[in-house]
1. Would you point out the residue of segment 2-36, among those that are assigned to a strand (DSSP E or B) and of a type in the set (S, T, N, Q), that is nearest to residue 156 (Cα to Cα)?
2. Please enumerate the residues belonging to segment 25-47 that are over 18 Å from residue 67 (Cα atoms) and surrounded by 12 or more Cβ atoms within 10 Å (Cβ to Cβ).
3. Being assigned to a loop (DSSP other than H, G, I, E, B) and either under 18 Å from residue 131 (Cα atoms) or over 20 Å from the mean Cα position of the chain (by Cα) (or both) is the filter here, so list the residues in segment 97-121 that pass it.
4. Could you please let me know if residue 66 is surrounded by 17 or more Cβ atoms within 10 Å (Cβ to Cβ), among the charged types (D, E, K, R), without any contact (Cβ under 8 Å) to a residue 60 or more places away in the chain and over 20 Å from residue 139 (Cβ atoms)?
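Bear in mind these aren't lab numbers, they're just calculated from the coordinates by the rules spelled out. None of the values given here were measured: they were computed from a predicted structure. Methodologically, a virtual Cβ is constructed for each residue, glycine included, from the backbone with ideal geometry; neighbour enumeration extends over all protein chains shown.
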Amino acid sequence: MTPILYRRRIIPDECVLLKDDTVLYFDDRVIVTAWGALHPKKDLHHGYSCYFLREGYKVSKFLREDDSLMYWYCDIIDYEEFPEENKWVFRDLLADVIVYPDGFVKVVDLDEFEEALENGAVTLDDVKKALRSLDKLLRTIYDGEFDKLTDEVEVRTSRSRNESDDNADDARS
C-alpha cells in the first residue's frame, strides 16, 4: 500500500498532508516522490524527492517549468511512522544544503535552526541528530559521492516516466 506523507515544519509550526505528491517508489530505505511546487516561485515549478530514511535527509531535484535543473535541495529531516495508518510524518529540521548544477554547495537556514533551539521548538537531542545527518550529507558531497544520492532520484523517476510512457503507448494501441 502506498504510504501517506505529511510534512511537519517547525517554523512556522504546521503539518501539511502532501496530497499532491505522487509516491513513485518506496522500500525500507527510501521513498521517492514527484511533486508540483506547493508555493510556486519565480522559477521553481516541480520536482522529485528522495527521502533517505536511515540517513535523516531528503534530496530533492528542483526543476523549472521546462524541466531544466535549478539545483538539488537537501533537507535534514526526521520522521515518525504510523504503520497502522500507513502514514509517515516528516519533520524538517531546518538545516538545509543546496547543491547547484556547477557544484557550488551552500548550507542555509542555520539561523532558523538556532532560533528553534532557543525557543524550545527543537530539543538538544534533535540538534544532535540533525548535526549528525548534516555532517554525513556534507561528507558525501565533499567526498565526491553526491551522485550516489542523486542517482537514487534519477533511476526511480526515469523508471516511473518509462512506465508512464509504456502505459500511454498501450492506451494508443
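1. This residue is 33.
2. Within segment 25-47, 25, 26, 29, 30, 31 qualify.
3. If the condition is that a residue be assigned to a loop (DSSP other than H, G, I, E, B) and either under 18 Å from residue 131 (Cα atoms) or over 20 Å from the mean Cα position of the chain (by Cα) (or both), then 102, 109, 119, 120, 121 are the ones that fit.
4. no
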